[in-house]
Amino acid sequence: MIWYTGKRLLQMIPVFFGATLLIYFMVFSLPGDPIAALYGDRPPAPGVIEQIRAQYNLDKPFIVQYFIYIGNFFQGDLGTTYSGRPVSDVMAKAFPITARLALLALAIEAIFGILVGLVAGLRKGKLFDTSALVVSLLLISVPTFVIGFVLQYVFAVKLGWARTTVSSEAPLSELLLPALVLASVSFAYIVRLTRASVSDNLSADFVRTATAKGLSRRRVVGVHVLRNSLVPVVTFLGVDLGSLMVGAIVTEGIFNINGVGGTVYKAIKLGEGPTVVSFIAVMVVIFVLANLLVDLLYAALDPRIRYAK
Amino acid sequence: MKIRRLGIPAIALAAAGALVLSGCASGDAPAESDTAAIITTNGSEPQNPLVPTNTTETGGGKITTSIFAGLVSYNAKGEIENEVAKSIESDDAQNWTVTLNDGWEFTDGEAVTADSFVDAWNFGAKFSNAQSASYFFDNIAGFSYDADAELTGLKVVDESTFTVELASPEADWPLRLGYTAFMPLPSAAYEDMEAFGENPIGNGPYMLAKEGAWEHEVGIDLVTNPEYDGVRKPANGGLNIVFYASMDAAYADVQGGNLDVLDAVPDAAFESYESDFPDRFVNQPAAIFQGFNMPYYLEHWSGEEGKLRRAAISMSIDRKEITDVIFQGTRTPATDFTSPVIDGYSDSLKGAEVLEYNPKEAKAKWAEADAIAPYTGTFDLAYNSDGGHAAWVDAVTNSIKNTLGIEAIGKPYPTFAAALDDRSADKLTGGTRAGWQGDYPSLYNFLAPLYQTGAGSNYEDYTSEEFDALLKEGAAASSVEDATAKYQEAQEVLLADLPTIPLWYSNVSGVWSESVENVVFGWDSVPMYTDITKSE
């Protein structure tokens with residue numbers, strides 16, 4: 001187990017270098033001069049542009065830029081944005097908000113998704129099951145921004161139950177609505193995954209054995225069916241945590257949340273290499289750790305799974 | 001994106017889904033504290049620390065204009081009114097004497113003197129300071145584009161007087177002086193300009209509420225400056241500018257009562273904002289000119305043939321129809337090269353009929369050009385696809401296609417940077433979208449930077465001796481009226497040559513909530529914040 005974890009963590013090193021190099025190269029290859037574009041139709045004096053380019057090392061070849069970045073990275077300096085702010089400051093503001101939003105969404109989709117999926121799976125073909133399927137189909141087929149705008153309009157603008165956008169402190173109460181929007185699609189998938197898995201397992205041999213042993217239905221469902229049904233769901237949740245962290249651009253935009261998605265989007269548009277790469281590097285780490293956690297959870301959930309050295 | 005018109009059933013269905021999902025989540029109402037006098041409005045994160053000479057974009061411009069007072073400021077109509085200046089005088093439009101009013105102070109207690117201006121302008125113009133607004137000082141004697149040089153044209157006479165010698169006469173030079181680049185700076189600024197830009201000390205109607213009032217990417221809190229005694233005395237207690245990444249979110253906030261004034265309307269609400277905010281909206285022309293340029297290095301587009309083709313293209317575009325249908329009336333068809341809010345704008349310049357839709361004449365001109373050299377290939381119009389331009393570009397190219405019977409298509413570039421690259425490298429294959437927002441309310445500002453031979457934004461290499469001469473005469477004219485006449489004449493040259501095909505003026509559209517009154521938008525599309533009152 002420790003061996004396995006250590007090996008996986010070591011694998012992160014090449015992944016980190018590969019990902020940062022690749023991303024840096026992609027940002028570098030974006031067409032156009034980012035500094036000239038900053039000023040749009042009203043360019044400053046040519047000498048001014050040159051000086052700013054030199055200040056951000058944009059006048060150097062790609063590989064030099066990358067190594068300057070990596071060199072500074074290991075000294076704890078992540079570079080600056082084109083407005084002169086340290087990237088570390090930007091990250092320190094964006095990540096906590098996004099992390100709270102993503103974890104809240106993850107909690108909502110996991111708790112309600114598994115619960116609804118379990119009940120639907122146990123009552124296959126009944127009214128609850130059918131309506132769960134219809135609602136989940138609806139959520140999957142309606143784009144996130146539609147759900148976002150509709151919930152914002154109904155609950156914030158019309159009913160006034162929530163704030164239309166999230167304020168700078170972003171307390172959990174204000175993040176609830178965006179988290180619901182963010183969770184909606186994954187919630188639907190989890191309902192369907194859990195339902196299918198539960199109904200499969202209900203007819204599995206070990207469930208029949210457990211029932212034949214005279215275990216209470218509560219115990220059969222709670223321990224044997226549910227636990228075994230969670231393996232695919234946990235896989236999904238692990239991947240989803242990663243995409244929730246990075247993929248909330250639309251939701252962040254609707255609710256004016258100053259999070260990771262929007263910041264990266266803006267940085268890509270501006271061609272800000274250091275910002276994009278620093279954010280992506282952290283996301284890569286989050287992705288890898290989430291996957292590792294999922295793999296470790298398998299063993300806890302399903303005793304048949306053991307890790308090779 | 002037309003969510004607001006999905007209809008009740010769709011909303012009800014989705015709401016029902018949401019209720020199931022949330023287990024009837026109880027949203028908590030926002031606790032509104034009583035800060036009635038503070039006006040909230042939208043903005044965007046300033047590109048740079050708030051140093052006036054390094055602020056050339058609107059996000060930072062809104063703030064610097066509010067916390068600084070220059071020699072003059074602009075009223076809603078774009079006329080200048082004296083602030084720190086007592087008088088700005090010249091006999092020859094080249095040598096100016098500026099006299100300051102007494103009693104002006106920065107919020108740190110330092111007096112605003114002639115030095116406060118002269119030092120700030122020298123700082124802004126200095127090459128190695130790399131200030132984005134440095135070119136605003138290029139007409140002051142001593143300015144250099146490629147080396148550190150002192151502005152020798154600025155001379156301090158005494159505490160409250162300084163003289164300015166311009167490199168060439170400029171009759172409407174005082175019109176520039178309300179622009180942020182010309183603000184004074186306290187001596188504390190020069191110790192560490194970047195730190196100063198985080199917590200700027202000004203002399204304007206507002207000041208930062210506290211150290212660190214600018215919360216990056218979130219907003220900035222301004223309160224009234226008790227020492228301020230100029231023409232922009234605030235009628236409210238302060239200004240809370242909230243930064244939005246998306247206008248849709250800002251629009252929802254005005255609807256939801258979290259935002260008082262919004263100075264833009266998102267595309268999705270073009271059709272509904274007038275009914276969403278009855279009597280509380282504005283839609284009027286702004287100092288924004290939009291058109292497209294045809295490079296002179298392209299075959300068929302220079303010389304006599306080029307003139308004919310440019311006129312033909314211009315007359316084959318149905319501007320009225322496009323502004324009505326695509327923009328829902330939030331653009332105004334162009335009749336010149338400036339903007340209706342600028343003093344000296346005209347809708348009756350000689351040759352302006354070339355901007356009217358006239359398919360017959362367009363075809364005739366095109367045929368005439370074909371007689372000189374037959375046209376083959378496709379007409380394309382470049383634009384950046386990340387800016388919402390596709391719809392009107394398609395409309396324009398379709399209009400050209402249907403009128404002239406040639407192939408015409410839009411040519412999307414992924415980003416503005418990519419489009420600019422080909423533009424500055426002379427690699428365009430057709431027209432390119434172009435826009436200009438006035439820095440200060442003067443015809444000159446709409447003409448010189450774009451069409452003068454060798455000017456900074458004259459990417460398409462237009463050159464006309466006649467135009468350059470008229471511009472120079474206008475600049476040297478002894479009165480603003482004479483200057484205007486010359487600038488209008490210069491535009492008539494442009495109408496004959498059409499280096500840019502004018503399309504329309506962008507309107508400023510904005511909405512505000514029930515809790516505020518006296519919302520008037522200035523010439524620069526920014527609300528006159530100091531006049532706004534809160535009715536609660």
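The values are calculated or read from the model by the stated rules, or taken from the named source; none is laboratory data. The structure displayed is predicted, hence computed values, not measured ones. Here the Cβ is made from the backbone with ideal geometry for all residues, glycine too, and neighbour counts use every protein chain on show.
Considering the range A:10-58, the residues that are among the β-branched types (Val, Ile, Thr) and facing another protein chain (nearest Cβ under 7 Å) include one that is surrounded by the fewest Cβ atoms within 10 Å (Cβ to Cβ), namely A:Ile52.
Of everything listed in (1) within 10 Å of chain A (Cβ to nearest Cβ); (2) part of a loop (DSSP other than H, G, I, E, B); (3) surrounded by fewer than 18 Cβ atoms within 10 Å (Cβ to Cβ), the single unmet condition for B:Ser128 is (2).
Yes or no: B:Thr500 closer than 26 Å to B:Thr56 by Cβ and surrounded by 23 or more Cβ atoms within 10 Å (Cβ to Cβ)? It is true that B:Thr500 is closer than 26 Å to B:Thr56 by Cβ and surrounded by 23 or more Cβ atoms within 10 Å (Cβ to Cβ).
Applying the criterion of being more than 10 Å from every other protein chain (Cβ to nearest Cβ) and farther than 19 Å from B:Lys126 by Cβ to the residues of the range B:43-58, the residue that is nearest to the chain's Cα centre (by Cα) is B:Thr58. Residues in the range A:23-40 that are in a helix (DSSP H, G or I), without any contact (Cβ under 8 Å) to a residue 60 or more places away in the chain and over 15 Å from A:Phe67 (Cβ atoms): A:Met26, A:Ser29, A:Ile35, A:Ala36. Checking B:Tyr244 against (1) within 22 Å of the chain's Cα centre (by Cα); (2) at the interface with another protein chain (Cβ under 9 Å from one of its Cβ atoms); (3) at pLDDT below 90: exactly one of these is not met. Which one? For B:Tyr244, the exception is condition (3). With respect to B:Ala311, is the statement that it is surrounded by fewer than 20 Cβ atoms within 10 Å (Cβ to Cβ), more than 13 Å from chain A (Cβ to nearest Cβ), touching a helix residue (DSSP H, G or I) at 6+ places or on another chain (Cβ under 8 Å) and of a type in the set (Gly, Ala, Ser) true? No, not satisfied. Which one is farthest from A:Gly117 (Cα to Cα) among residues in the range A:219-249 that are without any contact (Cβ under 8 Å) to a residue 24 or more places away in the chain and in a helix (DSSP H, G or I)? Result: A:Ile249.
Suppose the filter is surrounded by fewer than 24 Cβ atoms within 10 Å (Cβ to Cβ), at pLDDT 90 or above and more than 12 Å from chain A (Cβ to nearest Cβ); does B:Ile38 pass it? Taking the combined requirement at face value, the residue satisfies it.
I'd like to know if the range B:106-121 contains one or more residues that are within 14 Å of chain A (Cβ to nearest Cβ) and either more than 29 Å from B:Ile342 (Cα to Cα) or crowded, with 16+ Cβ neighbours inside 10 Å (or both). No, there is no match, as no residue in the range B:106-121 is within 14 Å of chain A (Cβ to nearest Cβ) and either more than 29 Å from B:Ile342 (Cα to Cα) or crowded, with 16+ Cβ neighbours inside 10 Å (or both).
For every residue, the table says whether it meets (1) at negative phi; (2) charged (D, E, K, R); (3) at pLDDT below 50.
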residue	(1), (2), (3)
B:Arg5	yes, yes, yes
B:Ala31	yes, no, yes
B:Asn42	yes, no, no
B:Gln47	yes, no, no
B:Thr53	yes, no, no
B:Phe68	yes, no, no
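Considering the range B:429-441, the residues that are surrounded by fewer than 22 Cβ atoms within 10 Å (Cβ to Cβ) and more than 30 Å from B:Ile80 (Cα to Cα) include one that is farthest from the other protein chains (Cβ to nearest Cβ), namely B:Gly430. Taken over the range A:210-244, residues that are in contact with a Ser or Thr (Cβ under 6 Å, 6 or more places away or on another chain), buried (at least 19 other Cβ atoms within 10 Å of the Cβ) and closer than 30 Å to A:Gly259 by Cα amount to 2. Looking at this structure, is A:Ser173 farther than 25 Å from A:Gly242 by Cβ and part of a helix (DSSP H, G or I)? Spelling it out, A:Ser173 is indeed farther than 25 Å from A:Gly242 by Cβ and part of a helix (DSSP H, G or I). Condition first: in contact with a strand residue (DSSP E or B) (Cβ under 9 Å, 6 or more places away or on another chain), surrounded by 21 or more Cβ atoms within 10 Å (Cβ to Cβ), basic (Lys, Arg) and part of a strand (DSSP E or B). Can you find one or more residues in the range B:325-334 that meet it? Within the range B:325-334, one or more residues are in contact with a strand residue (DSSP E or B) (Cβ under 9 Å, 6 or more places away or on another chain), surrounded by 21 or more Cβ atoms within 10 Å (Cβ to Cβ), basic (Lys, Arg) and part of a strand (DSSP E or B).
For (1) among the small types (Gly, Ala, Ser); (2) more than 17 Å from the chain's Cα centre (by Cα); (3) at positive phi, each residue gets a yes or a no:
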| residue | (1), (2), (3) |
| --- | --- |
| B:Arg433 | no, no, no |
| B:Gln437 | no, no, no |
| B:Tyr440 | no, no, no |
| B:Tyr444 | no, no, no |
| B:Lys486 | no, yes, no |
| B:Ser509 | yes, no, no |
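Selection over the range A:59-76 of residues that are within 14 Å of another protein chain (Cβ to nearest Cβ) and touching a Gly at 6+ places or on another chain (Cβ under 8 Å) gives a count of 0. For A:Asp77, the test of being more than 21 Å from B:Thr415 (Cβ to Cβ), among the acidic types (Asp, Glu) and under 22 Å from the mean Cα position of the chain (by Cα) is failed. Candidates in the range B:264-276 are the residues that are in contact (Cβ under 8 Å) with a residue 40 or more places away in the chain, in contact with a Phe, Trp or Tyr (Cβ under 7 Å, 6 or more places away or on another chain) and under 22 Å from B:Asn518 (Cβ atoms); of these, the one that is nearest to the other protein chains (Cβ to nearest Cβ) is B:Tyr273. The condition of being over 24 Å from the mean Cα position of the chain (by Cα), more than 25 Å from B:Tyr529 (Cα to Cα) and crowded, with 21+ Cβ neighbours inside 10 Å holds for only one of B:Phe137, B:Phe143, that being B:Phe143. Scanning the range B:376-398 for residues that are modelled with pLDDT of 90 or more, surrounded by 15 or more Cβ atoms within 10 Å (Cβ to Cβ) and not in a helix (DSSP H, G or I) yields B:Phe379, B:Asp380, B:Leu381, B:Ala382, B:Tyr383. Restricting B:Lys401, B:Lys363 to residues that are surrounded by fewer than 22 Cβ atoms within 10 Å (Cβ to Cβ), assigned to a helix (DSSP H, G or I), in contact with a Leu (Cβ under 7 Å, 6 or more places away or on another chain) and not polar (S, T, N, Q) narrows the list to B:Lys363. Among the criteria (1) buried (at least 20 other Cβ atoms within 10 Å of the Cβ); (2) out of contact with any Leu (no Cβ under 8 Å at 6 or more places or on another chain); (3) facing another protein chain (nearest Cβ under 9 Å), the one A:Ser136 does not fulfil is (3). One residue stands out in the range B:199-215 among those that are surrounded by 19 or more Cβ atoms within 10 Å (Cβ to Cβ) and not hydrophobic (A, V, I, L, M, F, W, C): the one that is nearest to the other protein chains (Cβ to nearest Cβ), namely B:Pro200. Scanning the range B:138-174 for residues that are without any contact (Cβ under 8 Å) to a residue 60 or more places away in the chain, over 27 Å from B:Tyr487 (Cβ atoms) and hydroxyl-bearing (Ser, Thr, Tyr) yields B:Ser144, B:Thr152.
Let's see how each residue does on (1) within 7 Å of chain B (Cβ to nearest Cβ); (2) buried (at least 18 other Cβ atoms within 10 Å of the Cβ); (3) within 30 Å of B:Phe277 (Cα to Cα):
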site	(1), (2), (3)
A:Gly84	yes, no, no
A:Ile108	no, yes, no
A:Gly113	no, yes, no
A:Gly125	no, no, no
A:Ala132	no, yes, no
A:Gln152	yes, yes, yes
A:Thr164	yes, yes, yes
A:Leu175	no, yes, yes
